[in-house]
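Please read the structure below before turning to the comments.
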Amino acid sequence: MTLEQIRKENPLVHCMTNVVVTNFTANGLLAMGASPVMAYAKEEVADMASIAGALLLNIGTLSTEQIESMILAGQAANKAGVPIILDPVGAGATTFRTDMSLRLLNEMNVTVLRGNAGEIASLVGVKATVKGVDGAIEGDTIELAKKAAEMFNCVAVVTGAVDVITDGQLVHTISNGHPWLTKVVGTGCLLGAVIGAYVAVRRDDVVAAATDAVAYYGIAAEIAFSKTNELGIGAFQQAFLNELALVTDEKVDQLQRAEV
Amino acid sequence: MTLEQIRKENPLVHCMTNVVVTNFTANGLLAMGASPVMAYAKEEVADMASIAGALLLNIGTLSTEQIESMILAGQAANKAGVPIILDPVGAGATTFRTDMSLRLLNEMNVTVLRGNAGEIASLVGVKATVKGVDGAIEGDTIELAKKAAEMFNCVAVVTGAVDVITDGQLVHTISNGHPWLTKVVGTGCLLGAVIGAYVAVRRDDVVAAATDAVAYYGIAAEIAFSKTNELGIGAFQQAFLNELALVTDEKVDQLQRAEV
Amino acid sequence: MTLEQIRKENPLVHCMTNVVVTNFTANGLLAMGASPVMAYAKEEVADMASIAGALLLNIGTLSTEQIESMILAGQAANKAGVPIILDPVGAGATTFRTDMSLRLLNEMNVTVLRGNAGEIASLVGVKATVKGVDGAIEGDTIELAKKAAEMFNCVAVVTGAVDVITDGQLVHTISNGHPWLTKVVGTGCLLGAVIGAYVAVRRDDVVAAATDAVAYYGIAAEIAFSKTNELGIGAFQQAFLNELALVTDEKVDQLQRAEV
């Protein structure tokens, strides 16, 4: 009943995310029932992260000044027991992104690391051939996710056609979702925030919280697609926000395609 | 006939606002018939503010560099007689936001201060128990608004289920609007910009201009809700932009629920 | 068959654009079949520009730090043979914008310069009376475009009710499009990115690529308007994204109103 709890408690998710997806991330969190707050200034990020239910760090349009703010926020979150979601957008694409992601992982304890297989492979140091724009790789995604979870002592969520969620021991896979998600910018980024909202109200079982978050998200996409496939992806984007608000825990239980 | 005048004159509203809501703010201003311009660089903000019809300062994702730009812009606006709308987003949530809002109020003459009750209370120095995510407080919002107007020598617009507009003497209340406005990020921020457009073409009566702006805004939300309540809040967001373009002065006169 | 090629190759368009339109630009590129990436940090822009299919520089919310990043990116793009699209948003409105645009034109070889007549006139040094918010001028737009193309040794795309595309010799005009494009923020900015995607897959004929891009864009707007004119401009914005995904090369050939 995590969604119901989110909608009752409206957990505050402090998002330090990229300039491309801020609006979509905030609207997605509002739609699902959480409370977004964006704050970036060195002077306030520790304060904000400490009172949040979760902290999202997303490096999509990172600058060196923001890295310092993210470290301040992350260390304050750790101190206050606030879970941290890290999304290493584009790690592997430039050295800067790989280095900065590893620096964040080094300077704080990350609760959930979410990325596509290509991004996670670059952090783990695995040579991987990225096959497409969604960052899918040739090779075993489950092994990759387990390695990341062990190496960074976190729950790893590796998203793709099949999503893998693992703490290094327990492994869940979810095969909900729809390819049109890759046609709307920021759907990966928003998923990180949604995981944050789930973990905020269910800190005692991060693997279960992240798994349900991923299933919920994919189900909302499936329903949105079923209502807009004849209109196009502009319509899908709007319908997806509608469904984030409308999907219930019951729907998630009923429609999720999970394997343990 | 303020809307008609806005649609004829297309007043330029110089927005220095937060990264979450820039796009929505610009589209909302275009929809209503005003002309948005965003400019942040120290090198140009004074030039831009001087030629604008109104200047909006919104501290939603403030940095210390931006504060300097905002002061330059605000002082240029004061010199040129351009009205300033200040939106102290999140004042009270962190010390940084409260301090920066008070600094802006100190360094320039603000024409309209717009915030929810919690934000305004933190600036006025009133201890207030915030009841919910929309910043409603326990206690008398009208007294709070009057105090803010007197203390900062401006028109205060305190928004909530009932909106209060006052210059410290005259008090108007508006009870238009819809709760779904709180489900779309940036609707409070856009309202600040909309008030800017109204004041730009009606500088001689700021209380009347702000009151009509608030009524217009709430009416657009009511109509948008009536058309989308079965679809969801993604659809509402789009319909709201539609209605910002379609609502007329006549509709505002006819549908506003105002009290003096 | 440029659109088909874009949809097959998904060219990476590295966008350094303004904070108002980042999300819309990324979604527009995804809709048409290209791959957007936004990156701004000095540490990575040269890497990113070098592997891109095209680089878009848009000065809409420029800061002095960003100018340095843009120069690094532009020079790396030149070295790697990656075409550059420059959009001098608001040149002429403030001295800062005019100066920065000219500086970019001076520090790198720009492939396509896209702006409205007012912006281009200010760069060319022509005194022009701007007639409206869309930057239309009194006077001969074709001569202006030719002068810009010669002066900056690039293809100039001067947009307005009729769009002019020229390398200084060849002159194409396109009269597709719809006035509602001026009611959605970032449609000019997104056009720059769309031209980037076209030029990325057709570097051997930049004039033809830019002309087709402009026609395609206008046609998508015409179809979107025909489907939403009774709903309003919020609906138009979404339908426009739908059509960017749906319009084909055949539609472009069939519906374009071009003159040479």
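The values are calculated or read from the model by the stated rules, or taken from the named source; none is laboratory data. None of these values were measured; they are calculated from a predicted model. No Cβ is skipped: glycine too gets one built from the backbone with ideal geometry, and neighbour counts run over all protein chains shown. Calculation scope for accessible area: heavy atoms of the full protein, side chains included, ligands and nucleic acids excluded. Shrake-Rupley method; radii C 1.70, N 1.55, O 1.52, S 1.80 Å.
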Seminar exercise, completed: Flagged pairs (Cβ under 6 angstrom, 6 or more apart or on separate chains; first in the range B:198-213, more than 12 Å from B:Leu3 (Cα to Cα); second of a type in the set (Asp, Glu) and at pLDDT 95 or above) are B:Val207/B:Asp167
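One line per residue, one yes/no per condition, for (1) in a helix (DSSP H, G or I); (2) open to solvent by 20 Å² or more (accessible area, probe 1.4 Å); (3) touching a Cys at 6+ places or on another chain (Cβ under 8 Å):
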{"residue": "C:Tyr40", "(1), (2), (3)": "no, yes, no"}
{"residue": "C:Ala77", "(1), (2), (3)": "yes, no, no"}
{"residue": "C:Val89", "(1), (2), (3)": "no, yes, yes"}
{"residue": "C:Met100", "(1), (2), (3)": "yes, yes, no"}
{"residue": "C:Arg103", "(1), (2), (3)": "yes, yes, no"}
For this session: Kindly establish whether A:Ala209 is under 15 Å from A:Ala34 (Cβ atoms), open to solvent by 20 Å² or more (accessible area, probe 1.4 Å) and out of contact with any His (no Cβ under 9 Å at 6 or more places or on another chain).
Result: no
Seminar exercise, completed: Only unsatisfied item for B:Phe96, checking (1) away from chain A (no Cβ under 13 Å); (2) farther than 17 Å from B:Lys42 by Cα, is (1)
Problem set entry | Subset of the range A:1-38 that is part of a loop (DSSP other than H, G, I, E, B) and more than 7 Å from chain B (Cβ to nearest Cβ) - its residue that is most open to solvent (accessible area, probe 1.4 Å) | A:Met1
Exercise. Within 17 Å of B:Gly28 (Cα to Cα), within 14 Å of chain A (Cβ to nearest Cβ) and under 19 Å from the mean Cα position of the chain (by Cα), is that true of B:Phe240?
Worked result: yes
Exercise. From B:Gly177, B:Gly168, which residue is in a loop (DSSP other than H, G, I, E, B), open to solvent by 20 Å² or more (accessible area, probe 1.4 Å) and small (Gly, Ala, Ser)?
Worked result: B:Gly177
Exercise. Right, C:Glu259: surrounded by fewer than 19 Cβ atoms within 10 Å (Cβ to Cβ), more than 23 Å from C:Arg7 (Cβ to Cβ) and more than 14 Å from chain A (Cβ to nearest Cβ) or not?
Worked result: yes
For this session: For the range C:140-161, state whether one or more residues are part of a helix (DSSP H, G or I), away from every other protein chain (no Cβ under 14 Å) and polar (S, T, N, Q).
Result: yes
Seminar exercise, completed: Restricted to the range C:42-75 and to residues being open to solvent by less than 10 Å² (accessible area, probe 1.4 Å) and within 8 Å of another protein chain (Cβ to nearest Cβ), the residue farthest from A:Lys183 (Cα to Cα) is C:Leu62
Exercise. Within the range A:42-58, can you find the residues that are touching a Ser or Thr at 6+ places or on another chain (Cβ under 6 Å) and either part of a loop (DSSP other than H, G, I, E, B) or of a type in the set (Lys, Arg) (or both)?
Worked result: A:Lys42, A:Glu44
Exercise. Could you say whether any residue in the range C:58-70 is at positive phi and in contact with a Leu (Cβ under 9 Å, 6 or more places away or on another chain)?
Worked result: no
Problem set entry | Residues of the range B:99-122 satisfying the condition of being of a type in the set (S, T, N, Q), away from chain A (no Cβ under 13 Å) and under 13 Å from B:Leu57 (Cα atoms) | B:Asn109, B:Thr111
Problem set entry | Residue list for the range A:141-165, restricted to those being surrounded by fewer than 19 Cβ atoms within 10 Å (Cβ to Cβ) and aliphatic (A, V, I, L, M) | A:Ile142, A:Met151, A:Ala161, A:Val162
Seminar exercise, completed: Matching residues in the range C:105-126 (over 18 Å from C:Ala213 (Cβ atoms), touching a residue at least 40 places away in the same chain (Cβ under 8 Å) and among the hydrophobic types (A, V, I, L, M, F, W, C)) number 2
Problem set entry | Residue in the range B:214-241 that is nearest to B:Ile165 (Cα to Cα), counting only those that are hydrophobic (A, V, I, L, M, F, W, C) and in contact with a strand residue (DSSP E or B) (Cβ under 9 Å, 6 or more places away or on another chain) | B:Val214
For this session: Return a yes/no flag: does the range B:245-256 have any residue that is open to solvent by less than 20 Å² (accessible area, probe 1.4 Å) and within 15 Å of the chain's Cα centre (by Cα).
Result: no
